[in-house]
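Have a look at the structure below, then the notes.
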Amino acid sequence: MSDEERVPLAHRVPDLGALELLLAVARHGSLGRAARELGITQPAASSRIRSMERQLGVALVDRSPRGSRLTEAGALVTDWARRVVEAAEAFDAGAQALRGRRDSRLRVAASMTIAEYLLPGWLIALRAERPGTAVSLLAGNSAAVAERLLAGEADLGFVEGLAVPEGLDGAVIGHDRLFVVAAPAHAWARRRRAALTPEELAASPLVLRERGSGTRQVLDSALSRYGGLSDPLLELASTTAVKAAAVSGAGPAVLSELAVTEELASRRLVRIPVEGVRLDRDLRAVWPHGQRPAGPARDLLSLTRAPR
């Protein structure tokens, strides 16, 4: 391989802007008119032509008071330039088609609380910005969201766990609190002592989300030093099901503040304070490692951070 061949192609071949300028000079027979067509000054156009001539090592344009005329080498280079520019235009058209296909759909995977209580508002706002984008929503627990993203079945995910799942990148988009709640007739709602201890909470059978859910992860972590969770009274696969069981009097439950606002206001559920343990969590947007959200996924991510 020669020394010249070792130099990167980008350093040996003029850029597209220079080739487009040369084609404009060939069309107009005038450097000034070519510069006006491309929206640059004539001195800038002259400088670009000289730079291209130095790069190629040949004269391309003869300048005279009557205008600018291509040299014999310039005419040959112009023919090559036309093919390069046409190929670049085809490349650009293909890239636009890919972006159009990407922007025509958005696949979102979200853990249950976010899917039920936050995503509807975000998706309505996204619809106003991108009416042509079809959105599909896959709801599941945080572990299932990670699996969907890693399998390429979703473009953007939302989880409620303690950390970004392995293999994903993420950003905190909000915060949430978990409340211990029970029906008004439950003994915890009628007891005189104000707050439960962590030990009492850990030892009591609860209505819980399944393993792999963000709620369960936070609760398991918070109570691990107090002997861990007792066997569940019921283990259910959705926030709505857990809430319905608690309202019916099946037993106390641990639910997102987002999910129980109406039930607490109407006294269908009572919040049971717990002392000595924090049940807070971050809400995160997540995506495959190294693949920053683009197109409608990027727009949806921006909407999650908008003031509400």
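Note on the chain: GNM, Cα springs under 10 Å; of Val13, Val218, Val274, the largest mean-square fluctuation is that of Val13. Within 12 Å, Cβ to Cβ, of Pro165, how many net charges do the neighbouring residues add up to if Lys/Arg are +1 and Asp/Glu are -1? Net charge around Pro165: -2. Take the Cβ atoms of Arg83 and Val172, set R0 to 51 Å, and the FRET efficiency comes out at 0.55.
Using the Cβ atoms and a cut-off under 13 Å, what net charge is assigned to the surroundings of Glu275, where Lys and Arg are +1 and Asp and Glu are -1? Walk me through the numbers on the way to the answer.
Details: positive: Arg193, Arg278; negative: Glu199, Glu200.
It works out to a net charge of 0.
Per DSSP H run of n ≥ 4, the term is -39500 (n - 2.57); total these for the chain, divide by its residue number, and report the mean residue ellipticity at 222 nm rounded to 500 deg cm²/dmol.
Working: 15 runs with 150 residues, N = 308.
Computed ellipticity for the chain at 222 nm equals -14500 deg cm²/dmol.
From the C-alpha gyration tensor of the chain, pull out the three semi-axes of the equivalent ellipsoid (sqrt of 5λ each), sorted largest to smallest, in whole Å.
Numbers: eigenvalues 881, 72, 46 Å².
Taking √(5λ) for each Cα gyration eigenvalue gives 66, 19, 15 Å.
Legend: residues Asp280, Asp176, Asp299, sorted from most to least accessible area (1.4 Å probe; ligands, DNA and RNA excluded), read Asp280, Asp299, Asp176. The listed residues Val108, Val172, once ranked by accessible area (1.4 Å probe) with the largest placed first, stand as Val172, Val108. Surface composition of the chain: carbon plus sulfur atoms hold 52% of the accessible area, using a 1.4 angstrom probe and ignoring ligands, DNA and RNA. Counting only alpha carbon atoms, the long axis of helix 72-103 and the longest principal axis of the chain meet at about 20°. Surface calculation, 1.4 Å probe, protein heavy atoms: Glu153 sits at approximately 80 Å² accessible.
Using C-alpha pairs under 8 Å with a sequence gap of at least 6, the mean separation divided by the residue count of the chain gives a relative contact order of 19 percent. Solvent-accessible surface of the chain, averaged per residue with a 1.4 angstrom probe and all protein chains in place: 53 square angstrom. Highest GNM mean-square fluctuation among Leu23, Leu137, Leu236, for the chain modelled with Cα contacts below 10 Å: Leu23. Counted over the chain, the DSSP beta bridges are approximately 60% antiparallel.
Highest mobility in the GNM of the chain, judged by mean-square fluctuation with C-alpha springs under 10 Å and restricted to Arg27, Arg278, Arg292, is found for Arg27.
The values are calculated or read from the model by the stated rules, or taken from the named source; none is laboratory data. Just so it is clear, the structure is predicted and the values come from calculations on it, not from any experiment. Cβ atoms come from the backbone with ideal geometry, glycine included; neighbour counts cover every protein chain shown. Accessible surface areas use protein heavy atoms only, side chains included; no ligands, DNA or RNA. Shrake-Rupley method; radii C 1.70, N 1.55, O 1.52, S 1.80 Å.
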